[in-house]
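Report on the structure given below.
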Amino acid sequence: MLQPLRRATRAFDEWQRRHRVTGILFGVTKRYGDDKAGQLAALTTFYGFLSVFPLLLLLLTFAGLFLKDSKLQNDIVNSALSQFPVVGDKIRENLHAIAKTNPFAIVASLLGLTWGALGVTSSLQNASHRIWRLPEEQSPGLWPRTWKGLQILATLGFVVVLSTVAAGMSTIGTEYFGGSSLAPRLLVLGGALLVNVFGYFVALWLLAPKPVAARILLPGTALGAVGWTILQALSGYLIGHQFHHASQIYGFFAVVLGMTFWINLGAQLFLYANELNVVLARHEWPRYVFGEPSSDERDATI
């Protein structure tokens, strides 16, 4: 019984290695497991969760100080909260009052942001270092790692601004084509896709070893940008139903569960995009799905 099973699995392995798409797919999946990227995604999720609240608190506070009671203030805040579908409104309810009534929010958010946000950028740098399998002596020191982390945070901030512009374009499109037309929806998806392409490319470029050609980063950029746009479009289906019922039972703790789930999805997608770049750049495909064959099995196939 075991022999037919072995022949079937070997035939499937040979089939996936003969085709480019399946070979690359299994190569990326295999490498993701070899690098223990799931653990790296969990660490990124932890620091990402710690950075979300102080980052949003900081954004709400400065938006209230410099853009007080303006449409631009609401647009920027809405663009930031839209990155957390379904739970964004709950986050606004629990952060907005703090930012408006407590002057100490600026200092508290700065301290929390420094620890949490630089923690997530540091974990992303460590993950990229492992995925590219660079020598340990090439690991950046404290100050270079901090500087690169600030660049990544600046990229995230610029993505929020671009999302605001894209949302404004979609609003204009809705007014021009009419709310029932398909064109405004396509404008929203197209704008989100362009913003995600920019964000993914810059982040992957900052985290990749230097020098690196831009073309090497394009496959991962495409995977990440398209994947994140699809996740955003399907976000209501992915977590909306579960969050609706969980919020009735767990209250605000449902926000924690929803945010953790969403951040982990984003972290895994980003690491898969990174793995795709490495697999294609170093031609680490095709791979054996069920392990390398033994010498006896190689002889039997000859």
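Rundown of residues vs (1) closer than 19 Å to L40 by Cβ; (2) out of contact with any Pro (no Cβ under 9 Å at 6 or more places or on another chain); (3) at pLDDT below 85, yes/no style:
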site: F252; (1), (2), (3): no, yes, yes
site: G266; (1), (2), (3): yes, yes, no
site: N274; (1), (2), (3): yes, yes, no
site: H283; (1), (2), (3): no, yes, no
message = Kindly evaluate A222 against the criterion of being modelled with pLDDT of 95 or more, surrounded by fewer than 19 Cβ atoms within 10 Å (Cβ to Cβ) and on the phi < 0 side of the Ramachandran plot.
response = yes
ask   = For Y200, all conditions in the list (1) free of Cβ contacts under 8 Å to residues at least 40 places away in the same chain; (2) within 22 Å of R282 (Cβ to Cβ); (3) crowded, with 20+ Cβ neighbours inside 10 Å hold save one; what is the number of the exception?
value = (1)
note = Selection over region 1-26 where residues are under 12 Å from V289 (Cβ atoms) and touching a Leu at 6+ places or on another chain (Cβ under 9 Å) yields a count of 1
inquiry  = If V161 satisfies all but one of (1) farther than 22 Å from T45 by Cα; (2) outside any helix (DSSP H, G or I), what's the number of the condition it fails?
reply    = (2)
ask   = Which one is farthest from Q232 (Cα to Cα), of the residues in region 256-284 that are of a type in the set (F, W, Y) and surrounded by 17 or more Cβ atoms within 10 Å (Cβ to Cβ)?
value = Y272
request  = Output the residue which, of all residues in region 225-240 that are among the hydroxyl-bearing types (S, T, Y) and modelled with pLDDT under 80, is farthest from L193 (Cα to Cα).
outcome  = Y237
remark   = Looking across region 107-154 at residues that are at pLDDT below 80 and of a type outside the set (G, A, S), the single one that is surrounded by the most Cβ atoms within 10 Å (Cβ to Cβ) is L113
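The values are calculated or read from the model by the stated rules, or taken from the named source; none is laboratory data. This one's a predicted model, so the numbers in the text were calculated from it and none came from an experiment. Neighbour counts run over all protein chains shown; Cβ positions are idealised from the backbone, glycine included.
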